[in-house]
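S.K.: Structure incoming, see below.
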Amino acid sequence: MAASSLPYFYSLFLDSFSGLIGSLLVYSGIKGTFIDPLQWSVVFGLPHATADTSTLMPSATGRNLGAGIFVYTLLLQRERKVLGIFLLCWTWAGIADTKVLFEHPQGTNTAAHMRNIVLLLVIGSLLIYDEAGTTT
């Protein structure tokens, strides 16, 4: 595949965006699990979180760390279709997060979670149906 062809750039876009998703998952996993779970609760959408109310944040962000490593692994193995299926399945983590924020009396940041759900649905679907194959 020529380096200047449209399928090449489309394939490169999908790989790059998937890598960005993996990086953000790993970042949130490290930050929310090991560095500052209380501050990450605020970023998540719980602005009035306390040390007591944010005890489950390392669990939620730990799953992100595992998911990000899995995204990297699938990218390195060039398993684009499997990666797409995983991203579609991972939207349920976002749906669950959004549900928590909607039901919490002081939950915020639901728009960011809904945006992430849409991005996962779009990129996951594009990876599954990508006919260009892997980049060379």
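S.K.: Is it the case that the stretch 86-107 has a residue that's farther than 30 Å from P7 by Cα and in contact (Cβ under 8 Å) with a residue 60 or more places away in the chain?
M.R.: Yes; the residues of the stretch 86-107 include at least one that is farther than 30 Å from P7 by Cα and in contact (Cβ under 8 Å) with a residue 60 or more places away in the chain.
S.K.: Of all residues in the stretch 66-87, how many are out of contact with any Phe, Trp or Tyr (no Cβ under 9 Å at 6 or more places or on another chain) and either crowded, with 20+ Cβ neighbours inside 10 Å or not charged (D, E, K, R) (or both)?
M.R.: Adding up the residues that qualify gives 11.
S.K.: From the set of residues in the stretch 4-27 that are without any contact (Cβ under 8 Å) to a residue 40 or more places away in the chain and small (G, A, S), which is least open to solvent (accessible area, probe 1.4 Å)?
M.R.: S5
S.K.: In addition: With the requirement that a residue be part of a helix (DSSP H, G or I) and either open to solvent by less than 50 Å² (accessible area, probe 1.4 Å) or not aliphatic (A, V, I, L, M) (or both), what does the stretch 97-111 give you?
M.R.: D97, T98, K99, L101, F102, E103, T110, listed by residue number.
S.K.: Among the residues of the stretch 102-129, which ones are more than 17 Å from the chain's Cα centre (by Cα) and either of a type in the set (A, V, I, L, M, F, W, C) or more than 19 Å from S41 (Cα to Cα) (or both)?
M.R.: Selection gives F102, Y129.
S.K.: Still on this structure, I have one more. Any idea which of L121, L56 is modelled with pLDDT under 95 and open to solvent by 40 Å² or more (accessible area, probe 1.4 Å)?
M.R.: The match here is L56.
S.K.: Taking F34 as the residue in question, decide whether it is touching a Phe, Trp or Tyr at 6+ places or on another chain (Cβ under 8 Å), open to solvent by 50 Å² or more (accessible area, probe 1.4 Å) and either farther than 22 Å from L121 by Cβ or assigned to a helix (DSSP H, G or I) (or both).
M.R.: No; evaluated as a whole, the condition is false for this residue.
S.K.: Right, another one. Does S54 satisfy the criteria of being under 23 Å from A111 (Cα atoms), over 14 Å from the mean Cα position of the chain (by Cα) and of a type in the set (G, A, S)? Steps first, please.
M.R.: Working: under 23 Å from A111 (Cα atoms): yes; over 14 Å from the mean Cα position of the chain (by Cα): yes; of a type in the set (G, A, S): yes.
In short, yes.
The values are calculated or read from the model by the stated rules, or taken from the named source; none is laboratory data. Computed from a predicted model, the values in this text were never measured in an experiment. Methodologically, a virtual Cβ is constructed for each residue, glycine included, from the backbone with ideal geometry; neighbour enumeration extends over all protein chains shown. Ligands, DNA and RNA are excluded from the accessible area calculation, which covers all protein heavy atoms including side chains. Shrake-Rupley method; radii C 1.70, N 1.55, O 1.52, S 1.80 Å.
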